[in-house]
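Worksheet: one structure, shown below.
The values are calculated or read from the model by the stated rules, or taken from the named source; none is laboratory data. Keep in mind the model is a prediction, meaning the values are calculated, not measured. Note that we place each Cβ from the backbone using ideal geometry, even for glycine, and neighbour counts take in every protein chain shown. Just so you know, the surface numbers come from the protein's heavy atoms only, side chains and all, with ligands and any DNA or RNA stripped out. Shrake-Rupley method; radii C 1.70, N 1.55, O 1.52, S 1.80 Å.
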Amino acid sequence: MQPSRYNFFFDAENGTHLAFNALSGGLATLTEEKHRQVQEILRSPNSYRYDSQAKLELREKLLQGGFLLREGVDELDILKVRYRSSRFNPRPLKLTILPTLRCNFRCIYCYEGRKNITMSREIQRGLVEFVRKKTEGVESLTTSWYGGEPLLALDIIAYLRGEFAKICEAKGIKYSPGGIVTNGYLLTRDVAKRLKEMGIETAQVTLDGPREVHDQRRPLANGRGSFDRIMENLSQVSKVLKQIQIRVNTDRNNADRVLELLDAIEDYGLKGKVSIYFAKVMAHTEACASIAGSCLRDQEYTDLELRLTKGGLEKGFNLAKYPRPKFHYCEADHVNSFVVGPSGYLYKCWSDPGNPDEAVGHVSDPTKYEEKKRNVLKWLAWDVFEREECRECKLLPVCLGGCPYVGLRLETRTRGACDNWRYNLLGMLKLYYAGRLSNPLRQGVGRAKGGKEVA
Ligand code: SF4
Ligand code: SF4
């Protein structure tokens, strides 16, 4: 037997010993005595004297939680197989569809370049035919809806969703109509009911702070504020939709104010009914290059994320993220996932729609696939195991090289775009544990799915 290379041992704020394994996602709490025994077992697992039932059981738990491995198991091989088989598994087809790039907001950091394009009837029909062909041999189709503001094109969503459902039913394929990313302004109770009838029961809505801050950063196209209407909508639709996620885009300009949003969420009766997560504003494309100066550096952002999570805990919000082991990073690195722009161009990454130079094909023009082949190859040839720092990194199972869009643009070829876990894994786990202690009944709120707890 041998110890895992992905073990982390650390103490929670209250002095409890915690153990985390990044490959299994297992988290264990250990008494002083157990902690000492575990350390001894992991130091010499083959010569340790397992002279009681309790010690044998402890060894079994360590094996189950992935802290201890049977002889000859190479964890890097496990990860490689998991990563490559998941990325190159063609059986699920996943589409993120942008029915329009039009938007009723003028967010200060928008990266879509304010293009006024909506999917034409011809492109919609082309997309339906594309799905008909692409679903040959697949087991499932998942769609998600994004924009622009996708609710400006609700009829297009309804049409496409209906056609996809017919195709999947005829072929015996499982269809998940998925979730929608919306600014929330048009997400009234009636619209939510319509979405629900279509099977779209998850909405992600962005709020950037309390009213004054949000309205300055995410105004309507006419310059007016959007906060009050979004909050009113959310308090109505939280009873209709299954899940509402609030994303809080964070940079230097709102960092000190975002926690005030939690008070507003409480005032609107949404506490415990929505999940909330913080995200770093990034100047990915030329369209948002002007905001680069207000973006936080990685370490600054992750320090802030810990402060905000701790502040949330003090207000009774359990916002800690859990470091879930990944199979692949995002849809961009999966062979059968595409982002569909309103002009019919296919992309791999959410940052690219509106920029045909980065397309990997077109729904109704097969010649475009040949023309864009180098773009497809770029995404699919990306492989975190070719980066030597990543191969040696203890965070590899939860990071997997970070965002490929950024990783492909890095000057260094020795590592990927280190994910936030590089900077705050232990701090976040301590907060996750503290959140469970303070509010065990609400542990699911704000927590990423997955991650076994083994003791
Ligand atoms: S490559 Fe990066 S930016 Fe693009 S979809 Fe993946 S995580 Fe998002
Ligand atoms: S990108 Fe950075 S944190 Fe992620 S696995 Fe590679 S070296 Fe580790």
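At a temperature of 25 °C and a viscosity of 0.890 mPa s, determine how fast the chain diffuses translationally according to Stokes-Einstein, using the Kirkwood radius over alpha-carbon pairs as Rh; express D in µm²/s, rounded to the nearest whole number.
Numbers: Rh = 23.8 Å.
D = 103 µm²/s.
Extension gain Q299-N336, at 0.36 nm per residue separation less the Cα-Cα distance, in nm?
Values: separation 37, 0.36 × 37 = 13.32 nm, distance 3.34 nm.
Full extension from Q299 to N336 adds 10.0 nm.
Taking segment 36-136, which GluC sites (Glu not before Pro) meet the DSSP loop condition and have no more than 10 other C-beta atoms within 10 Å? Please list the in-between numbers first.
Working: sites: E40, E57, E60, E71, E75, E112, E122, E129, E136; in loops: E71, E112, E136.
Here the GluC sites (Glu not before Pro) that fit, given the DSSP loop and packing criteria, are E71, E136.
Write down the percent of antiparallel bridges among all DSSP beta bridges whose residues are both part of the chain, to the nearest 5.
Counting only bridges with both partners in the chain, antiparallel ones make up about 35 percent.
Once you charge only the Cβ atoms, +1 for Lys and Arg and -1 for Asp and Glu, what is the size of the charge dipole of segment 1-65 about its Cα centre, to the nearest 20 debye? Walk me through the numbers before you get to the answer.
Values: 8 positive and 8 negative charges, 55 e Å.
Here the size comes out at about 260 debye.
Could you pull out every one of the lysines with an alpha carbon less than 18 Å from that of K368, ignoring same-chain neighbours closer than 8 positions?
Correct list for K368: K133, K134, K348, K378.
Report the gain in length on full extension from K239 to R252: 0.36 nm times residue separation, minus Cα-Cα distance, nm rounded to one decimal.
Numbers: separation 13, 0.36 × 13 = 4.68 nm, distance 3.41 nm.
Full extension of this stretch gives 1.3 nm more.
How high is the relative contact order of segment 83-314, in percent, counting Cα pairs under 8 Å that sit 6 or more residues apart? Mind showing how you got there, number by number?
Working: 382 pairs, mean separation 43.8, N = 232.
Dividing the mean separation by the residue count of segment 83-314 yields 19 percent.
In square angstrom, what is the accessible area per residue of the chain with a 1.4 angstrom probe?
45 Å²
With only Lys, Arg, Asp and Glu charged, each at its Cβ (+1 for the first two, -1 for the last two), find how big the charge dipole of the chain is about the Cα centre; round to the nearest 20 debye.
Values: 71 positive and 57 negative charges, 161 e Å.
About 780 debye.
Between D190 and F327, what's the calculated FRET efficiency when r is the beta-carbon distance and R0 is 51 Å? Round to 0.05.
Values: r = 38 Å, r/R0 = 0.74.
Once the sixth-power term is evaluated, E becomes 0.85.
Amide H to amide H, which residues 5 or more places from S176 or on other chains are under 5 Å from it, using H placed in the peptide plane?
Amide H neighbours of S176, under 5 Å, 5+ apart: L141, T142, T143.
Does segment 83-314 classify as rounded, prolate or oblate by the C-alpha gyration tensor (a ≥ b ≥ c root eigenvalues; a/c under 1.5 gives rounded; else a/b over b/c gives prolate, otherwise oblate)?
On the way: a/c = 1.70, a/b = 1.60, b/c = 1.06.
It is prolate, given that a/c is not under 1.5 and a/b is the larger ratio.
Each label point is 7 Å from the Cα along the Cα-to-Cβ direction; what then is the distance between the points at D77 and K55, in nm?
For the pair D77/K55, the computed spacing is 3.0 nm.
In percent, what relative contact order does the chain have, based on Cα pairs under 8 Å that are 6 or more apart in sequence?
Values: 845 pairs, mean separation 85.1, N = 455.
Normalised by residue count, the contact order of the chain is 19 percent.
Taking Cα atoms, how many degrees apart are the long axis of helix 298-314 and the longest axis of the chain, rounded to 10 and kept between 0 and 90?
Between the helix axis and the principal axis of the chain, the angle is about 80 degrees.
Can you pull the three principal axis extents for the Cα set of segment 214-288, in Å, largest first?
Sorted largest first, the three principal extents are 39, 27, 23 Å.
First measure r as the distance between the Cβ atoms of K315 and D357, then evaluate 1/(1 + (r/R0)^6) with R0 = 45 Å and state the FRET efficiency to the nearest 0.05.
On the way: r = 45 Å, r/R0 = 1.00.
Given R0 = 45 Å and the Cβ-Cβ separation, E is 0.50.
Which shape class applies to segment 2-73: rounded if a/c is under 1.5, otherwise prolate when a/b exceeds b/c and oblate if not, where a ≥ b ≥ c are the square roots of the Cα gyration tensor eigenvalues?
Values: a/c = 1.94, a/b = 1.20, b/c = 1.61.
Judged from the Cα gyration tensor, segment 2-73 comes out oblate (a/c at least 1.5, b/c at or above a/b).
Which whole-number percent gives the relative contact order of segment 2-73, counting Cα pairs below 8 Å spaced six or more residues apart? Don't skip to the answer; put the middle values down first.
Working: 82 pairs, mean separation 25.6, N = 72.
In percent, rounded to a whole number, it is 36.
PRE reach from D267 (point 7 Å along Cα→Cβ): which of segment 236-260 fall under 20 Å by backbone N?
Counting only backbone N, you get 236-238, 246-249, 254-260.
Listed here are the pairs K34/K394; K166/K273; K242/K280; K193/K271; K55/K394; which of them are more than 29 Å apart at the Cα?
Correct reply: K166/K273.
What is the sum of charges, Lys and Arg at +1 and Asp and Glu at -1, for the other residues whose Cβ falls under 12 Å from the Cβ of P356?
Taking every other residue near P356 into account, the sum is -2.
Stretch V406-C110 to full length: gain in nm at 0.36 nm per residue minus the Cα-Cα span? Can you show the working numbers first?
Values: separation 296, 0.36 × 296 = 106.56 nm, distance 1.77 nm.
Computed gain between V406 and C110 is 104.8 nm.
Sequence-distant or interchain residues sharing an amide H contact under 5 Å with A279, placed H: which?
Close amide H contacts, sequence-distant or interchain: V248, N249, T250.
Under a Cβ-Cβ cut-off of 14 Å, what is the net charge of the residues other than G293 that fall near it, where Lys and Arg count +1 and Asp and Glu count -1?
On the way: positive: R252, R297; negative: D251, E300.
Once positives and negatives cancel, what remains is 0.
Taking all protein chains as present, what is the carbon and sulfur share of the accessible area of the chain, in % to the nearest whole number, probe 1.4 Å? All intermediate terms of the calculation are to be shown ahead of the outcome.
Values: 9970 of 20380 Å².
Summing carbon and sulfur atoms, their accessible area is 49 percent of the total for the chain.
So how far, in whole Å, is the C-alpha centre of segment 168-194 from the one of segment 1-68?
Result: 44 Å between the Cα centres.
Among the trypsin sites (Lys or Arg not before Pro) within segment 290-370, which fall in a DSSP loop and have no more than 15 other Cβ atoms within 10 Å of their own Cβ? Could the numbers behind the result be given before it?
Values: sites: R297, R307, K310, K315, K321, K326, K348, K368; in loops: R297, K315, K321, K326, K348.
Of the trypsin sites (Lys or Arg not before Pro), the ones in loops of segment 290-370 whose Cβ has at most 15 other Cβ atoms within 10 Å are R297, K315.
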